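J.: Could you have a look at this structure, given as C-alpha cells, before my questions?
The values are calculated or read from the model by the stated rules, or taken from the named source; none is laboratory data. Worth saying up front: this structure is predicted, and the values here are computed from it rather than measured. Every residue, glycine as well, gets a Cβ built from its backbone with ideal geometry; the counts of neighbours run over all protein chains shown. The area values use the complete protein model at the heavy-atom level, side chains included, leaving out ligands, DNA and RNA. Shrake-Rupley method; radii C 1.70, N 1.55, O 1.52, S 1.80 Å.
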Amino acid sequence: TTVRERHPVNNLLGKIEGGEQNDKAIIIAASRTSVFKGTSYPSYGTAMLLSILQLFQELKYKFDWKPLRNVYFASYGGNEFNLAGATELLEENAGPLKDEIYSVIDLSQLTIPTGERKLDIQSHPLLQEFFENEENRFGYNVNVRDVQEYGDWIPLMANGVPVSVISSPD
C-alpha cells in the first residue's frame, strides 16, 4: 500500500449562463473515475453528461437559447478515493456555489440500457413529486425514493443542497 500525503484530483467545471435568474443554478454532474476496469460505471454517466452538454451548446449557438437559470456541468475526479473530487470542488468554491446552487442531478450511476425503460431515482423529498409526475417520465417506469446511497453528492447534501441521483435499476 502506498500512502500519499497529497494526490492531485482533477475536476472539470463548466457553466452556461442563465437568461433570467443568474443567482440560481443547478449542477448536472457525473464522476469519471473508477477503480475497476469496465465500461459501465462511471463511463456511461460521463458520456451522458457530455451528450447533454453538447445538446445545450447546440441549442445555445444555433438557436440563441439560454436556460432560465445557470447550469453547471461537473465532472468529478477521485470518486473512489473518499469522494475527493466533489469535496475539493466544494471546498474551492464553497461560498459562490453554496449560495447559487439549488439542486444537483447526478448521472454517475447510469448504465447502458438493457431495453427496458426503467430508471431508479433517489431524490430529496422536495423533488420527489416532480419525478413522480407522469408528464416528466417520458415513457419510463420510474422508481422514486429517498437518497440511500453514498456518492459524489454527499458533500453537497451535507451543505444543504437537494440532490437527485438518476441511475439504472441494475
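J.: Tell me, please, whether a residue that is modelled with pLDDT under 80, closer than 14 Å to Y72 by Cβ and not charged (D, E, K, R) can be found in segment 33-44.
T.: Scanning segment 33-44 turns up no residue that is modelled with pLDDT under 80, closer than 14 Å to Y72 by Cβ and not charged (D, E, K, R).
J.: Consider only pairs whose beta carbons are under 9 Å apart and that are at least six residues apart or on different chains; among these, list those whose first residue lies in segment 43-58 and is without any contact (Cβ under 8 Å) to a residue 24 or more places away in the chain and under 9 Å from L107 (Cα atoms) and whose second residue is open to solvent by 70 Å² or more (accessible area, probe 1.4 Å) and of a type in the set (D, E).
T.: Close Cβ pairs (under 9 Å, with a partner that is open to solvent by 70 Å² or more (accessible area, probe 1.4 Å) and of a type in the set (D, E)) do not exist here.
J.: Output the residue which, of all residues in segment 131-162 that are touching a strand residue (DSSP E or B) at 6+ places or on another chain (Cβ under 8 Å) and of a type in the set (F, W, Y), is nearest to E100 (Cα to Cα).
T.: Among them, the one singled out is W153.
J.: Go through N11, N70 for me and flag whichever is within 19 Å of V104 (Cα to Cα) and at pLDDT 90 or above.
T.: Criteria check complete, one pass: N70.
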